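Notes follow the structure.
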Amino acid sequence: MYCDNYEQLLDQLNPTFLFTWKGTRLADEENYHSHDFVEMAFVLSGHGRYRIDDVCYDVSEGDFILLNAGQKHQALVSDLSNPSTEFFVGFSDIRFPNLPENHLPMVSDTPVIHTTGELRQKLFKLCTSMSAENDVCQAGRYLMLKSYLMQMLVLLLRGQSKPIPIDTGYSFDSVNKKYVVEQLVNYFEEHYAEKISLDQIAENMYLSPFYISRIFKSETGDTPIHHLINIRLDRAKELLEQGKSGSIQEVAAMVGYDDVYHFSKLFKKRYGIPPSRVRK
């Protein structure tokens, strides 16, 4: 695991999304020009060429072009038999210390970044998602496009910082661990009667089951599954003591157990007596 040196700067990012466009370049841009906003282009396929600040760059599939405000550029055709298909995003209101407005820190020595591996695949996926979102007019369209843009910026800016290895003895003293545990406990208390999968909960929280289990135990001294069992059994005991519920099998089903034998075994282990004796 790694920490990001740009964490504070990234947390403060709040760009204004302007536009997105995808197309195949069959002719040179007429003008050598610049903008007052940031423009980024990702080459989805084919080959092309860019003139940027009077330097020419050959580009091909997987190349990322960063054009800051005021940076003169012109897109050119290099091979009509295999023209470049490019995905563009424009945005503004970006500010970094010691840089003019609408300037991103250069993630390499040139404005053209050749991506590979996981980064390339993630950028392809983001471009596809943005293109699909841009093609339909649904509620929240701007926010969705902005969220994809933010993901793209974070991926690129992470390349600016040197990862810092976390101590292998990390004790999960994250400021968010209490929140994770509270969310899990609340979910158990509200959904104990349903089928509950820790793997599914972890996926919905964008965390690993191992991480959730470890911080839950470090915070409560108990495992998530054992905590859920106790909630279910406590509720079953209440139902039995009230005497208003149906059979033992029905009580078991009401607290999330299809197998009445398994339920009775857990109940006796916790309270020392079978559920039938609580009813009596």
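The values are calculated or read from the model by the stated rules, or taken from the named source; none is laboratory data. Bear in mind that the values here come from a model prediction, so they are computed numbers and not experimental data. When we count neighbours, we look across all protein chains shown, and the Cβ atoms used for this are built from the backbone with ideal geometry, even at glycine. Please note that ligands, DNA and RNA were not included when accessible areas were found on the heavy atoms of the full protein model with its side chains. Shrake-Rupley method; radii C 1.70, N 1.55, O 1.52, S 1.80 Å.
The alpha-carbon positions of the range 184-268 define a convex hull whose volume is 97 Å³ per residue. Take the chain, connect every pair of alpha-carbon atoms lying under 10 Å apart with a spring to form a Gaussian network, then pick out the residue of Val89, Val260, Val38 with the largest mean-square fluctuation. Judging by the Gaussian network model, the answer is Val260. Each residue was assigned an accessible area with a 1.4 Å probe, and for Ser78 the value is about 60 Å².
Computed over neighbours whose Cβ is under 11 Å from that of Arg270, the net charge equals +4, Lys and Arg +1, Asp and Glu -1. Averaged per residue, the chain has 58 square angstrom of accessible surface, using a 1.4 angstrom probe with ligands and nucleic acids left out. Past the 19 Å Cα-Cα mark, which pairs from Lys217/Lys265; Lys178/Lys217; Lys178/Lys269? Distance filter (> 19 Å) returns Lys217/Lys265; Lys178/Lys269. For the chain, carbon and sulfur atoms together expose 50% of the accessible surface, with a 1.4 angstrom probe and every protein chain in place.
For the range 1-151, the spread of Cα positions along the three principal axes, ordered from largest to smallest, is 44, 38, 33 Å.
Each residue of the range 82-98 is assigned a 3J(HN,Hα), and the resulting list reads 8, x, 7, 9, 10, 10, 10, 9, x, 7, 9, 6, 10, 9, 10, x, 6 Hz, derived from the Karplus form 6.51 cos²θ - 1.76 cosθ + 1.60 (θ = phi - 60°), x at Gly and Pro. Antiparallel beta bridges, as assigned by DSSP with both residues in the chain, represent about 95 percent of the total such bridges.
The largest accessible area among Tyr179, Tyr32, Tyr187 belongs to the first residue in Tyr179, Tyr187, Tyr32, and the rest follow in falling order (1.4 Å probe, all chains). The heavy atoms of Asp234 offer some 60 square angstrom of accessible surface to a 1.4 angstrom probe. Ordering Phe210, Phe96 by accessible surface, largest first, gives Phe210, Phe96; the 1.4 Å probe counts only protein heavy atoms, with every chain in place. Each Lys and Arg contributes +1 and each Asp and Glu -1, all at the Cβ; summed about the Cα centre of the range 88-156, the dipole is approximately 160 debye.
Using the rule -39500 (n - 2.57) for each DSSP H run of four or more residues, divided by the residues of the chain, the 222 nm mean residue ellipticity is -13000 deg cm²/dmol.
Pairs of Cα atoms nearer than 8 Å and 6+ residues apart set the relative contact order; for the chain it is 16 percent.
Net charge of the neighbourhood of Val38, taken over other residues with C-beta under 13 Å away and scored Lys/Arg +1, Asp/Glu -1, is -3.
Solvent-accessible area of Asp222, all protein chains in place: 40 Å² (probe radius 1.4 Å, heavy atoms, ligands and nucleic acids excluded). Each residue of the range 17-22 was assigned a 3J(HN,Hα) from its phi angle through the Karplus expression (A = 6.51, B = -1.76, C = 1.60, θ = phi - 60°), giving 6, 10, 6, 9, 8, 10 Hz with x at Gly and Pro. Calculated over the chain, the projected area of the Cα convex hull averaged across directions stands at 21.0 nm².
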